[in-house]
Amino acid sequence: MKVSGTGAMADQRTSLLKILTTLGTLACASAVIVLSLTPGAGSTNTPSRYFIRADLLFTGTALVKGQVAVAVEDGKVVAAGRLRIPSGARVLRFQNATILPGLIDLHVHDSPQLLLRDGVTTTRNLGEPVARLRPPYAADGYPRIVAAGPIITVPGGYPTGRLPELAAPVASASEAVATVDMLAAKGAALIKIGLETGRDGSLPTLSSEEVRAIVSEAHRLNRLVTAHVLEGKGLAIALAGGVDEIAHMPCLGVTPAQIAELAKRRIPVVGTLHVERLSGRCPDGVANARAFIRQGGTLLYGTDLPNVPPRLDLTELSLMRQAGMTPTQVLIGSTKLAGQQLGIAKLGTLAVGAPADILVVKGDPTRVLSALAHPLLVIARGKAVN
């Protein structure tokens, strides 16, 4: 769609919706436009295949320039790159725009529709009541949700005081292992443990032996273990217990040696830098993230929503930049590397066979991340989001 002049972006969106409405049907209840495409006369395309064409394509790892496109069929990416589009094919064309994988928020406690409209096509819920726990799922109009269920902790430990419904307290290593088994059976895609000790170190936590037992059982069941950690004392237990990931950037009483050890072991950290700043409890979050990244650490996108507004968190992305990441590194940490934490093949990329979670934005987000604030099209599991 070629547009120019004042109001070009609004005109482009309006034109797109007209095309999508012509091609498919608008499901008002779910606010999703279902593409039901038919090939042109003489086309060899299958009926459900369509193409998205733009100037730039970010694959999840690198930027491709030129006449680039993504082909989608049956909810999957079937081709991406400098494609030759067959005559008669259904094509959505964008000028001065970038196609990229849908974004992934690795730390939420809610997944509102607004996230999907902003291009966040997958979320990971790191704390919810066991009654709501189920395997990874996706409802029309909402992001895909991957959940951990309640947080394994000890009696009186975080989060039993503030959020008891999100806690699964255990009193021994054997109880902890049984809880891992129960959560996995109910659909937990990963296991989260609570190791917050409090500013004064008075909160009880799991021991390193209990953490090792949890990690061992989770790995037997092909689950990762992420740890809620803010303080150096809890981080020491997480490191001794062999966790796979840290769910916040540790920010209180953390030593340079601990940050170096995190980076050396290649344990990724989900930043949540914005919510740490808002809380006023973590003055060293960005500084620790900067030291972590400087030593080769992997920082991933996560917001701790609903503790921040229920949208794509541009402030979080900006703080990742302030911590020393390039715009491309921030995008990789919000797409491909985030997808690797979820166990869904090729999620966060535009590789052949990847889920068709696709975002088209005005401009080039590998140069200016704020381009992500201007989505022209969001595709979730092959369906266009209104």
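Considering the range 288-344, the residues that are among the aliphatic types (A, V, I, L, M), touching a residue at least 60 places away in the same chain (Cβ under 8 Å) and in contact with a strand residue (DSSP E or B) (Cβ under 8 Å, 6 or more places away or on another chain) include one that is surrounded by the most Cβ atoms within 10 Å (Cβ to Cβ), namely LEU331. Restricting ALA236, ALA185, ALA176 to residues that are surrounded by fewer than 23 Cβ atoms within 10 Å (Cβ to Cβ), out of contact with any Gly (no Cβ under 8 Å at 6 or more places or on another chain) and in contact (Cβ under 8 Å) with a residue 12 or more places away in the chain narrows the list to ALA236.
Find the helices (runs of 4 or more DSSP H) located wholly in the range 188-295 whose residues include 3 or more that are over 24 Å from the mean Cα position of the chain (by Cα), and list them. Break it down stepwise before answering.
Numbers: elements: 208-220, 232-241, 256-264, 273-279, 285-294.
Of the helices (runs of 4 or more DSSP H) lying wholly inside the range 188-295, those with at least 3 residues that are over 24 Å from the mean Cα position of the chain (by Cα) span 208-220, 232-241, 256-264.
Among residues of the range 90-119 that are in the same structural domain as HIS374 (by TED's automatic domain parsing) and basic (Lys, Arg), those with a Cβ under 7 angstrom from a residue that is part of a loop (DSSP other than H, G, I, E, B) and at pLDDT below 95, sequence gap 6+ or separate chain, pair up as ARG90/LEU37; ARG93/MET1. When you check LEU262 against the structure, is it more than 30 Å from ALA185 (Cβ to Cβ), surrounded by 16 or more Cβ atoms within 10 Å (Cβ to Cβ) and touching a residue at least 24 places away in the same chain (Cβ under 8 Å), yes or no? Spelling it out, LEU262 is indeed more than 30 Å from ALA185 (Cβ to Cβ), surrounded by 16 or more Cβ atoms within 10 Å (Cβ to Cβ) and touching a residue at least 24 places away in the same chain (Cβ under 8 Å). Scanning the range 312-329 for residues that are of a type outside the set (Lys, Arg) and part of a helix (DSSP H, G or I) yields LEU314, THR315, GLU316, LEU317, SER318, LEU319, MET320, GLN322, PRO327, THR328, GLN329.
The values are calculated or read from the model by the stated rules, or taken from the named source; none is laboratory data. Quick caveat, the model's predicted, so the values are computed rather than measured. Heads up, the Cβs are rebuilt from the backbone with ideal geometry, glycines too, and the neighbour counts pull from every protein chain shown.
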